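Report on one structure; see the data block that follows.
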Amino acid sequence: MEKLIIPEQDIINAICVYIAKKKQIKPEAVEVELMYDDDYGFSAEVFVDDRKQVLITANLIEALRLWIDEYLGRDPYAPIKLHLDDNEGIIAYIG
């Protein structure tokens, strides 16, 4: 199976869907800001109704697994590696 690259916007979409399922709201009600820090790695700030929640890397991977399974119809347990790209932002390599 070839490697799949998930762009930053699809990672954001995956997090919106993930949070929406957990909070039983519409994905459109979720705002996401992806972040990378040399000490803490990848994370995201999620805003719903003016409340902030911080997701760690493990949460991002969980959101991507849901996205891969439900929207791409691929193996959600394939290896996932997040990467900070100078031009593309935060992307994910699958497989």
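The values are calculated or read from the model by the stated rules, or taken from the named source; none is laboratory data. None of these values were measured; they are calculated from a predicted model. Cβ: placed from backbone, ideal geometry, glycine included. Neighbour counts: every protein chain shown.
If the condition is being of a type in the set (Phe, Trp, Tyr) and surrounded by 12 or more Cβ atoms within 10 Å (Cβ to Cβ), then the stretch 21-69 contributes Tyr36, Phe42, Phe47, Trp67. State whether the residues of the stretch 70-81 include one that is surrounded by 13 or more Cβ atoms within 10 Å (Cβ to Cβ), assigned to a strand (DSSP E or B) and at pLDDT 95 or above. Yes; the residues of the stretch 70-81 include at least one that is surrounded by 13 or more Cβ atoms within 10 Å (Cβ to Cβ), assigned to a strand (DSSP E or B) and at pLDDT 95 or above.
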